[in-house]
Structure formats: C-alpha cells, structure tokens
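The values are calculated or read from the model by the stated rules, or taken from the named source; none is laboratory data. Because the structure is predicted, anything quoted here is derived from the model rather than measured. All Cβ positions, glycine included, derive from the backbone under ideal geometry; neighbour counts span all protein chains shown.
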Amino acid sequence: MNYHGIALIVIGVLELILGISFLTKKRIGEAVRWYTLLIFSVSLWVLTNAVAALNDNYIIQRFFIEMTYISGGFIATTFLLFTYNFPSVKKIISPIKIFLLFLPAIINIFIILLTHSYVKGIEIVNGAVQEDFGFMIYIFSAYFLIFWSWGMWNIIDSYKKADGYHRWLLKYLLVGVIISATLGITADIILPIIHVTFPGRNFLGAEFSIVWLGFTSYILVKKT
Amino acid sequence: MSEEKTDKNAVTVKGDIKPWLAKMPEINIMAEIEPIFILGEKDNEPDLSHWTKLGKIIADRIDEFDGFVVTHHVHSLLAAACALSFMLLNVSKPVVFTGSQIPYMLAKKKTDKKILKKYKGLGIKANLINALQIAIQGPAEVSIMFGNKLVRANQAHITKSLSLNLFDAPLKAVLATIDFGIKISEHAHTGDKDALKFSANFDDNVSVVDFNSEQNADYLKWVLEKKPNGIIIQTHNPESALALLDNLIPVSYDMPILIHTDIPYSHSASASYIFIDNMTFEATVMKLKWALGQTNNRKKIAVLMKENIASELLEGEE
C-alpha cells in the first residue's frame, strides 16, 4: 500500500475543496483572488506529487515529477502577489507587472514540456526515488527562493505595521507559511540538491503543506 | 501609527486629520478620501446635533462618493449609528461606523499595556482599513465595523469592552466577516432601493427608567414630573412592571410609554403601553426619538414602533 500517495491525494483534495469554498462565497478584494489561486497551485502541486507517488511506471513518474515544478512556479508568483494585497493593498501592481511576474512561471511550462532539463532521469536507490537533476533545477530553486523570500518580506513588513485583527491574521499566516515552507523547501529543494534521499523523501514537501492548510483553516474557523 | 502613544494619534482639530491619515499609507492607496471634521477626540461626547449634521452631509453628498466611513467615540457609537440608520432611510451607499476602544489617555494604565502589546493595539488601523474596504464595495446600509465583523447598526449590541469584536449582532445581522478578504453575507442589503429619505427630525426629550435592578417607583414619579415626550421602561419582567405602572401612571398621561424587554413572549397585550421585545435597547431609544420627530400622535407612534422601518426588527420576530 502506497501511504504517501494516498495521503497526498487526501491533502490535495482538501486543498481543492478549500479553494472552491473561497470561490463560492461572495467576496471582494484582490487578496482573496490571489490566495484562491495560491491554494489551487498548492493543490495541483500536491496532486501531481500524488500521481507520481502512486505510479511505478518510469515514464509517468518522471513526467509527473517534472510537472510538480509547473505548479511550483505558480505557487511562487501567486504567493508574492497575495502578500502585496494582504491584509490590505500595499501597492497597486499594474497588469503588465503582473504578467511580468508570471512570465517565469509561463516560460517554465514550455521548458518543462519541451525539454528534460529539470529531471534527466530517475532511478530507485534503496527503495527511494533518486532524481538525476538537470541545470534548470538550480535556476528554478533560485527563482523560487527569491520570490518566496520577497513574499515573506512583505508579510513580515505588514505584520510589523499591522494592529488588531490584521496582526492576529498575519501572525497565524506567518507561522503556517514559515513551518510548511521551511520543511517543504528542505525536502524538495535542499535535500535533492545535496543528494540526500530516503523512501518517501520526494513527497514530504507536499505532505508538509497540511501544516499550511491547517493554519489557513484555523483562520477561517476561529473568529478571535 | 503608535497606539502605545495614543495621545499622539488623537485627532483633536481639523488639521490633525491629514497627518493622522498619512501614518496609514495603505488607506490612500485604497481610495480617494475626502476627510470631513465634525468633532475632535478630546471634545465632549457627540450628541444628536452632531449626528444630524453628519447625516445631512451624507444625504447632501450621497452621489459624490462610493461610501462613507465615520470614525466615532466608542461610548456613543452605537447610538450614533442607530440614529443614522433612521435618519437615512433607503440609503444607497455604505455608511460604515468604526473606531477604537483605546481613548487617547488609556495606554498609560499598566493593565491595558498588556492588551496593547498582544494585538499592538485594539485595531484603530485594521478597523479603519476594513471599514474603508466595506465603504468602497460593501452593503448599502448603516453598519458598524469592528474586529472581524461588520454588523447592522440598529441590531448591534456591545460585547466586551477590551475585545477586538466590540460589537456583535444576531447571525442574520452580521453583514460581513473578515479573514483573507471580506465576505459579504447574503443578509446584507445590496439590491435596488427606493429614493433616499432623509429625516433629521428627532425628539430628544425621551426618558429611560430601568426596572431591571429594582422596581424604582420613586424615580419613575420624578421622571413623570419632568414631562418627557416619551418614556422607555427597561425590564426583564414586563408583567410585574405593568402592574406597578398601572398604579403609578395617571390616566390623563397621553405620552407614549414603551416597555422594553430582552425576553420575548413574556408579556400580555396592553392598550396603554407599547411592548418592544424585538429590538435592541439602543435601537428602541433612537427609534422612539425618531418616531416622536415624525408625529405626536400616540397611535401612529405605536404603529411606527412596530413597523420595520430600517431593518431594525430582529429576525424571527417580525
């Protein structure tokens, strides 16, 4: 029984439901729009990880491991745009700038679909998937970390300046993001690059998104 | 914005508004704001004359703006918001009241410093930002924004003084909640309305007698001697209040007497008194003042008090 795959399916579906619940409510504001897209991107990332985990076929597994980097690109951009709009608009970002912020993620799709510059191949070492990474993983890691740090800076800056209910919201969001991102980045970027591998390592990052899902749900349910 | 030094944030004269707003750059990104000064923070509590002035400004300029935010002392904020809800019937734009529980001198007390530290204040800035967002796209009615809730003004009540959500309301009067964005409730007024009816006629000569703590007959006698144009008796036991009133109120007394209770169905019908069990106390007081401003006919006042004029009747009790 592939417990990682099943766990990821459950987490991905829960995140999908969360995203849909955002869509079905009457809402206003850019922050909700970007957060909903962020939830869908995370859900896509988790579900592509799930398909990779549930498949033994080399070609399918490799394809879906590459696909996880498509959603990764969108996670970075939607997270950054969300932080510019939460809890209130920090800066008006023009449609052209939004497009430019999405451009790396869009180019990333073509690179992934047309080349194998992310994952040159995969092999099973001691029951664990070991990727043979191409050069793009380093560029993607840098791009992801820059966008993520930029977004984190925005949240910390907002937290320092916020008061009352906004401060409460930012505190829980910050804790959830820091925990899940630290664990996720370690499992999905740092460990693979330094060739540390153990069974299920590839899917740990996606599984840690449950922490973020938990904090998001807590914010939605708990009303101070 | 420093709530630790709240005296430095106080808006006491018109000239203080711009520097105060400049401390919150997000506000100026969100909307074009035209500040209007009516009363400073260190002045006396606002009263009906200030609220009438406020209502007139809103009525006169209703087409110029997408919405209106009113920052107000918290002590009388509920009364002010109730007054505006009756003054501006069929208002087509959001009128959002907000404020902070922290008066300019409060931060000097030690106990309050703990709360200030926990939330970095009780949300002057957060309340104002949320109120502004509501004023831009929120429900077209008079409402109160505090903490993470937007509530209908004339169905709201005060909760805890040092909580983020200072005001609450029954579920159907919670017009929006805040989390990652602002979620407007299906109970909020968003549809088309008739033309705005502005009526600033209020009769302030209304007395309130509290029968909850004790059957205060002497105080009622004293009130009757003052000849108010309307009396509101607050009680948890309308039947026993009724028995006492029958002995105290002269037969010739022809001013409206309301018996307000928070316990529904706890009274029998009476031709002499108007029982109110489906409105908050604050809304009852303001509605009686408003009704007295519209007519001095006791029967018409009784009809107005039972009518749902500005969505003030609590749901399920209509």
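Of the strands (runs of 3 or more DSSP E) lying entirely inside the range B:176-238, those containing at least 1 residues that are away from every other protein chain (no Cβ under 14 Å) and surrounded by 13 or more Cβ atoms within 10 Å (Cβ to Cβ) span B:206-210, B:230-234. Take the conditions (1) more than 13 Å from chain B (Cβ to nearest Cβ); (2) over 22 Å from A:L16 (Cβ atoms); (3) in a helix (DSSP H, G or I); (4) not small (G, A, S); A:H195 misses just one of them, which is (3). Working only within the range B:242-258, note down all residues that are surrounded by fewer than 23 Cβ atoms within 10 Å (Cβ to Cβ) and more than 25 Å from B:M87 (Cβ to Cβ). Those that are surrounded by fewer than 23 Cβ atoms within 10 Å (Cβ to Cβ) and more than 25 Å from B:M87 (Cβ to Cβ): B:L242, B:A243, B:L244, B:D246, B:N247, B:L248, B:I249, B:P250, B:V251, B:S252, B:Y253, B:D254.
Of the residues making up the range A:71-91, none is free of Cβ contacts under 8 Å to residues at least 24 places away in the same chain and away from chain B (no Cβ under 12 Å).
Taking each residue of the range A:28-42 that is on the phi > 0 side of the Ramachandran plot and looking for partners that are in a helix (DSSP H, G or I) and not hydroxyl-bearing (S, T, Y) with beta-carbon atoms closer than 7 Å, six or more apart or interchain, yields A:G29/B:Q133. Take the conditions (1) of a type in the set (A, V, I, L, M); (2) in contact with a helix residue (DSSP H, G or I) (Cβ under 8 Å, 6 or more places away or on another chain); (3) free of Cβ contacts under 8 Å to residues at least 60 places away in the same chain; (4) assigned to a loop (DSSP other than H, G, I, E, B); B:A271 misses just one of them, which is (2). Kindly indicate which of B:N165, B:N127 is within 14 Å of chain A (Cβ to nearest Cβ) and at pLDDT below 85. Going through B:N165, B:N127 in turn, the sole match is B:N165. Here A:K120 fits the description: modelled with pLDDT under 90 and not β-branched (V, I, T). Identify the residue in the range A:161-176 that is assigned to a helix (DSSP H, G or I) and among the aliphatic types (A, V, I, L, M) and, among all such residues, is surrounded by the fewest Cβ atoms within 10 Å (Cβ to Cβ). Selected residue: A:V175.
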